[in-house]
């Protein structure tokens, strides 16, 4: 009788471990998928920025330093996105992406401030379409970032709660990093106005 109780206990423990492991894998895959959605929108933004800058060059010829700064920041953010998309569970890659996105945001704010000083650029059809696309993309990025952070929180909660934390530690499920905005002034979206 005690033999069967021991076997039953082992089966229950094994089923618990298997279920917990599978739950952690599903949640990790969910936040990786959520990052893939951000990745799509970031790439769309990175493709729009050079077009925006090229169009603006016609009107802002003497603002070369700012325009080049936007492109440099865009390239750094693109590289950071590539690194993070290879492994969204790499906390350092996500931190690097956070920093690169902060720099890009600051560059875009400078660009938008200059944009306000050139009334002729506001009337350009191509520039208007690019700005609308950028605004739409920024909104999609915000929603995708929120979905990613929600998935990361669900995963981190699952890996930290007892007793699943024992299985998470044993199988080396590492903490996932949120996509956070580092500077409070950067929490405000880039304003696109015509």
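Once the Cα atoms of helix 64-86 and of the chain are each reduced to a long axis, what angle between those two axes, in degrees from 0 to 90 to the nearest 10, is obtained? That works out to roughly 20 degrees.
GNM on the chain, alpha-carbon springs under 10 angstrom: the most fluctuating residue among 126, 135, 81 is 126.
A full extension of the chain between residue 86 and residue 180 corresponds to an added length of 31.9 nm, given 0.36 nm per residue minus the alpha carbon distance. When you restrict to C-alpha pairs under 8 Å that are six or more residues apart and normalise by the size of the chain, the relative contact order lands at 33 percent.
Once you reduce the range 55-78 and the range 83-148 to the center of their Cα atoms, the two points are 13 Å from each other. A convex hull fitted to the Cα coordinates of the range 2-187 yields 103 cubic angstrom per residue.
Say we join alpha carbon atoms closer than 10 Å with springs in a Gaussian network model of the chain; which of 123, 164, 89 then has the biggest fluctuation? The residue with the greatest mean-square fluctuation here is 123.
A short reminder: the numbers here are calculations on the coordinates, not readings from a lab. No experiment lies behind these values; they were computed from the predicted model shown.
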